[in-house]
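The values are calculated or read from the model by the stated rules, or taken from the named source; none is laboratory data. Computed from a predicted structure; not experimentally measured. Note that each Cβ is placed from the backbone with ideal geometry, even for glycine, and that neighbours are counted across all protein chains shown. Side chains are part of the model used for accessible areas, which takes the heavy atoms of the whole protein and leaves out ligands, DNA and RNA. Shrake-Rupley method; radii C 1.70, N 1.55, O 1.52, S 1.80 Å.
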Amino acid sequence: MQHLYKLLNTENSELAKILRFNLYGLTATLTKAHQEYPLDPGIGICEELLQELDHLLQPKPVIVEKPQLTNELKLLKLKEAFNYDPELNYYLGNSHIHSQTDAEIWSEIHRKLLRVPEDLATSWRQMALKLAEELGAVADHKHIYELPFVRDEIIYPGLSGTVKAKGLCLSQKALANSGIAQTHLSENLHLIAGFLLLYIKFIEIEPDLHHALKSVFSFDVISLYSKSEQRNQYIDALSDRFHRTQKSDQHTDTVLNLCAWIDMDEAIHSLVFIPPAERYSWWGKLQKESRRLLRKAADKAIKAGNEVRLKQLSGLYADVCEFSKDDLQLDCGGNPGEVLTCLRVYARINQQEYPGRVIFRTLR
């Protein structure tokens, strides 16, 4: 385990990335086997191994640099303007900027903008860059943290000059180097593999992420930053559903395949913020790509002669609650009584109903 730990914590190492992704897959496989074979003679050793893997996969402790003094912060005005903007507060609730360095302020602001409508996010990105340029900084498209995905995209630039900060991007190369996104995967599964690896990396850098996956924890929306056990269990469940979807794609039973895609889509949409991201935000549009794949699986089942109806639940909660089960409620975001996000679509397949699941805003 000593050498595994050293490699996992080697900075800027593609080998470390590949090892981490595959250890997540091994953990998911062993966890599932542990549940299926409780009387196996190796059950005790398996439990000890899972504990060791859990310890290995804990995020590397962040070395906190000495914070800049408040009067030294060049982006202090940007931070204050962001925190007190009423339109942003409507979408982000009390999720204020707490960073204490210019680099962190730049990154935190831009990550939060991924959760608000694109037009609002665009105007704030332009305003932030203009302010940074007035301070002597310039946009930097090379000093960027890469997230593995199926396409290349600059999410936001970094800064160089008087203010230095990292940007963020999606990278096909990072996905290809992961070793998980195999070349023989279908186009649809390739996208899901991209989601899996993107989520694993994004969870490492975004402390505001929560999960609402019922199979992991059914009673609340749980922080992945403060609950490391929940974080690992969510990633394990996400990996497991990816492998089950991959396996079901090899079968001729289109209904079985559709059910696997519904489970996969639920796992993807269960990675949320509080309040949930607006549907026309960058994050909302990203997750919508999974729902388009779900529609393809439904069309395939229909062509095979099955009766299929899928319904994405939205609008007033009172109008859709008959189609959902075990829903979650929040007292922030959106308008009282409205659905904030649809975690799982409602499905009716050959007269069999499968309830959806939502997060909604309370009437209080």
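Anything in segment 285-333 that is surrounded by fewer than 18 Cβ atoms within 10 Å (Cβ to Cβ), part of a loop (DSSP other than H, G, I, E, B) and in contact (Cβ under 8 Å) with a residue 60 or more places away in the chain? List them, or say none.
Asp326, Cys332
Restricting to segment 132-182, what's the tally of residues that are over 30 Å from Ser290 (Cα atoms), touching a Lys or Arg at 6+ places or on another chain (Cβ under 9 Å) and either among the small types (Gly, Ala, Ser) or open to solvent by 40 Å² or more (accessible area, probe 1.4 Å) (or both)?
6
Within segment 133-170, can you find the residues that are within 13 Å of Asp102 (Cβ to Cβ) and not β-branched (Val, Ile, Thr)?
Hits for segment 133-170 are Leu135, Gly136, Ala137, Gly158, Leu159, Ser160, Gly161, Lys164, Ala165, Lys166.
Which of the residues that make up segment 132-159 are among the small types (Gly, Ala, Ser) and in a loop (DSSP other than H, G, I, E, B)?
Gly136, the sole residue that qualifies.
Go through segment 160-200 and give me each residue that's part of a helix (DSSP H, G or I) and more than 22 Å from Lys296 (Cβ to Cβ).
Answer for segment 160-200, where residues must be part of a helix (DSSP H, G or I) and more than 22 Å from Lys296 (Cβ to Cβ): Lys173, Ala174, Ala176, Ile200.
Could you tell me whether segment 132-144 includes any residue that is closer than 24 Å to Leu197 by Cβ and of a type in the set (Val, Ile, Thr)?
Taking segment 132-144 as the starting set, the residues that turn out to be closer than 24 Å to Leu197 by Cβ are 141-144.
Subset that is of a type in the set (Val, Ile, Thr): 144.
Taking every residue of segment 132-144 in turn, at least one turns out to be closer than 24 Å to Leu197 by Cβ and of a type in the set (Val, Ile, Thr).
Limited to segment 166-211, what total is found for residues that are over 27 Å from Trp106 (Cα atoms) and either within 11 Å of the chain's Cα centre (by Cα) or without any contact (Cβ under 8 Å) to a residue 40 or more places away in the chain (or both)?
Within segment 166-211, the subset over 27 Å from Trp106 (Cα atoms) is 176-193.
Now narrow it down to the ones that are either within 11 Å of the chain's Cα centre (by Cα) or without any contact (Cβ under 8 Å) to a residue 40 or more places away in the chain (or both): 176, 181-184, 187.
So the answer is 6.
Which condition number in (1) under 25 Å from the mean Cα position of the chain (by Cα); (2) modelled with pLDDT of 95 or more is the one that Lys303 fails?
If we test Lys303 against (1) under 25 Å from the mean Cα position of the chain (by Cα); (2) modelled with pLDDT of 95 or more, just (1) comes out false.
Using the structure shown, decide if Ser99 is part of a strand (DSSP E or B) and over 21 Å from the mean Cα position of the chain (by Cα).
no
Being open to solvent by 20 Å² or more (accessible area, probe 1.4 Å), modelled with pLDDT under 80, under 22 Å from the mean Cα position of the chain (by Cα) and over 17 Å from Ala165 (Cβ atoms) is the requirement here; does Leu50 meet it? So that I can check it myself, show each step before the final result.
On the way: open to solvent by 20 Å² or more (accessible area, probe 1.4 Å): yes; modelled with pLDDT under 80: yes; under 22 Å from the mean Cα position of the chain (by Cα): no; over 17 Å from Ala165 (Cβ atoms): yes.
Judged against the criteria, Leu50 is not a match.
Under 8 Å by Cβ, and 6 or more places apart or on different chains, what pairs join a residue from segment 23-50 that is within 16 Å of Glu229 (Cβ to Cβ) with one that is open to solvent by 70 Å² or more (accessible area, probe 1.4 Å) and in a helix (DSSP H, G or I)?
Matching pairs, first to second residue: Ala28/His243; His34/Glu47.
Evaluate the following for Lys214: is it over 30 Å from Gln329 (Cβ atoms) and either in contact with a Phe, Trp or Tyr (Cβ under 8 Å, 6 or more places away or on another chain) or not in a strand (DSSP E or B) (or both)?
Here the answer is no, as Lys214 does not meet what is asked.
Consider segment 186-202. How many of its residues are open to solvent by less than 20 Å² (accessible area, probe 1.4 Å) and not aromatic (Phe, Trp, Tyr)? Break it down into steps so the answer makes sense when it comes.
So the first thing to find is which residues in segment 186-202 are open to solvent by less than 20 Å² (accessible area, probe 1.4 Å), and the list is 189, 192-200, 202.
Then keep just the ones that are not aromatic (Phe, Trp, Tyr); that gives 189, 192-194, 196-198, 200.
Going through segment 186-202 one residue at a time, the tally reaches 8.
Report the residue count in segment 340-360 for those that are in a strand (DSSP E or B) and in contact (Cβ under 8 Å) with a residue 60 or more places away in the chain.
Selection size over segment 340-360: 10.
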